[in-house]
1. Pairs of alpha-carbon atoms within less than 8 angstrom and 6+ residues apart define the contacts here; what relative contact order does the chain have, in percent?
2. To the nearest 20 debye, what charge dipole does region 27-90 have about its Cα centre, counting +1 at the Cβ of each Lys and Arg and -1 at the Cβ of each Asp and Glu?
3. Within the chain, what is the longest stretch that has no GluC sites (Glu not before Pro) placed in a DSSP loop and near at most 10 other beta-carbon atoms within 10 Å?
4. With N residues in region 15-89, what two-decimal value do you get for its Cα radius of gyration over 2.2 N^0.38 Å?
5. So what's the back-of-envelope 222 nm ellipticity for the chain, counting only DSSP H runs of four-plus at -39500 (n - 2.57) apiece and dividing by all residues, rounded to 500?
6. Please list 3J(HN,Hα) in residue order for region 28-45, calculated via the Karplus relation 6.51 cos²θ - 1.76 cosθ + 1.60 where θ = phi - 60°; whole Hz, with x for glycine and proline.
Amino acid sequence: MMGNTSEPDPCEGNPDCQQALAELYSFLDGELTVQKRTVIRTHLDLCSPCGDRYTFETELRQVVSMRCQEKVPDALRARIAAALQAELER
Ligand SMILES: [Zn+2]
C-alpha cells in the first residue's frame, strides 16, 4: 500500500508481529492452544503496536456483540472488516 510514510510501522517485516497479527482472530476466538496463546499474549504485552491492535479489536468486538443483538447493518460490519483488513495488510 502506498501513502502515509511519516509513521513507519515497526511491525513491518517482523516475523513475530506477522504471526501475532495473523493469529489475532484465532486468539480472540479462543481457538489456539494454551502454548500458542501464551506466545501471542507475550508478544502483545511487549509490542505496543500489536497490543494496540489487539485492544482495538477487543473493543470493536464488544461494540459489535452489544449492538448486533439490535441491528448493525451488514454493510457497516463489512466496512469495518474491510478497514481492519486494509490496516493489517498495510
Ligand atoms: Zn508486534
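1. For the chain, the relative contact order is 28 percent.
2. Around 60 debye, computed over region 27-90.
3. The answer is 13-69.
4. 1.17
5. My calculation for the chain gives -22000 deg cm²/dmol from helical runs alone.
6. Computed from phi, the couplings for region 28-45 are 5, 7, x, 9, 9, 5, 4, 4, 5, 4, 5, 4, 6, 4, 4, 5, 5, 6 Hz.
Quick note: the coordinates plus some simple rules give every number you see, no bench work behind them. From a predicted model like this one, the values you see are computed outputs, not experimental measurements. All Cβ positions, even for glycine, are placed from backbone atoms using ideal geometry, and neighbour counts span all protein chains on display.
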